[in-house]
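The values are calculated or read from the model by the stated rules, or taken from the named source; none is laboratory data. What you see is a predicted model, and the numbers here were worked out from it, not measured in a lab. Virtual Cβ from ideal backbone geometry, glycine too; neighbours counted across all protein chains shown. Each accessible area value is taken on the protein alone, full model and side chains, heavy atoms only, with ligands, DNA and RNA left out. Shrake-Rupley method; radii C 1.70, N 1.55, O 1.52, S 1.80 Å.
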Amino acid sequence: LEQHALEELKTASATDGKVGVKRVYQNALRGVIEAFARADTASRLILTSRHSFRVPDWRGQDVAEELLEIEVPDMNPVEQEKHWLALLQSGAMTGARDEARDRAFLEQIWAICQGNPGLQDVLYQPLLKGEYAVLQTALSQLQAYHAGQVAAPATAMEDVDKYLQRIALEAYHAALTDTEQQCLRVLSLFDFAVPEPLIIQAGSKLGIEDAQTALQRLDNFGLLTHWQGEGLEGHISCYGLARKIVAPLSKEDLP
């Protein structure tokens with residue numbers, strides 16, 4: 001939910017620490033929660049969110065209080081291994097695998113992530129796509145952070161998980177060509193699903209040379225979100241956290 005439906009963490013209530021739901025999503029989310037509350041069925045509703053949230057009804061009552069909050073623990077070593085194997089089996093990898101090299105990188109990733117699935121997924125993407133040099137740069141920067149050689153700003157301590165992901169994403173962004181960075185900047189304009197063929201067709205007019213290749217490189221680093229659902233096949237957007245590392249377009253470049 002935090003990727004699309006929830007307000008920023010800074011809006012959390014001082015009394016209960018819960019964040020609000022964006023107005024455009026409130027009716028839909030409230031309707032789903034209330035429908036399951038009334039349903040006489042064995043079905044269960046599962047919502048995933050990194051933050052506790054509130055969804056007011058017309059009386060101002062928080063319908064989210066009906067939900068049972070379950071803390072998901074960090075991955076243990078077996079689950080970390082399963083996560084990697086599942087990605088391999090999904091066909092997400094590129095090229096033949098060097099098991100010894102994979103294992104060396106995986107040991108570093110698991111030691112740094114300490115079971116954090118979000119950071120782990122960010123680091124898996126370039127490993128799957130063969131972007132080894134850039135991955136090593138990101139790992140080195142994260143190791144420096146853990147060793148206390150890089151001081152985090154005070155604001156980052158509110159959400160260490162996102163700060164660590166941002167360190168990796170900044171390393172990936174620095175490895176992009178000017179064209180690839182421009183492609184990411186264009187995508188950062190949209191907070192909704194955009195048809196990938198549209199970006200490819202409009203690439204030359206947007207200052208993107210060989211948009212298809214540029215999009216593939218962005219995908220190598222997990223900088224794209226691939227939308228799921230009916231009518232959303234082939235739709236993409238800029239990965240939410242990546243928006244914070246992208247230089248905004250100038251007034252001349254904006255549509």
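Mind checking which of A28, V72, S43 is farthest towards the positive end of the chain's charge dipole, using Cβ charges of +1 (Lys, Arg) and -1 (Asp, Glu) about the Cα centre? Toward the positive end, the furthest listed residue is A28. Run the 1.4 Å probe and let me know the accessible area of K244, rounded to the nearest 10 Å². About 110 Å², rounded to the nearest 10. Sorting the segments 176-188, 74-86 by their residues' average number of neighbouring beta-carbon atoms within 10 angstrom, most packed first, yields 176-188, 74-86. In sequence order, the stretch 66-77 has phi-based couplings of 6, 7, 8, 7, 10, 6, 8, x, 4, 5, 8, x Hz under the Karplus curve 6.51 cos²θ - 1.76 cosθ + 1.60, θ = phi - 60°, and Gly or Pro positions carry x. The label-point distance for E79 and D210, in a model that sets each label 7 Å from Cα toward Cβ, rounds to 4.1 nm.
Roughly how tilted is helix 23-38, in degrees to the nearest 10 and between 0 and 90, from the longest Cα axis of the chain? On a 0 to 90 degree scale, this one is about 60. So how tilted is helix 132-146 from the main axis of the chain? Cα-based, degrees 0 to 90, rounded to 10. Helix 132-146 sits at roughly 60 degrees to that axis. You can think of it this way: the chain between E69 and A111 has 12.3 nm of extra reach, that is 0.36 nm per residue less the Cα-Cα gap.
The GNM of the chain, with springs linking C-alpha atoms under 10 angstrom apart, assigns the highest mean-square fluctuation among I109, I208, I70 to I70.
When the chain is treated as a GNM with alpha-carbon contacts under 10 Å, the residue of G148, G60, G207 showing the greatest mean-square fluctuation is G60.
Report in % the part of the accessible area of the chain that belongs to carbon and sulfur, leaving out ligands and nucleic acids; probe 1.4 Å.
Carbon-and-sulfur percentage of accessible area, whole number: 52.
The charge dipole of the chain, taken about its Cα centre with unit charges on the Cβ of Lys, Arg, Asp and Glu (plus for the first two, minus for the last two), comes to roughly 340 debye. For the chain, lysine pairs with C-alpha atoms less than 26 angstrom apart, excluding pairs fewer than eight positions apart on the same chain, total 15. Relative to the longest principal axis of the Cα atoms of the chain, helix 160-174 runs at roughly 30 degrees.
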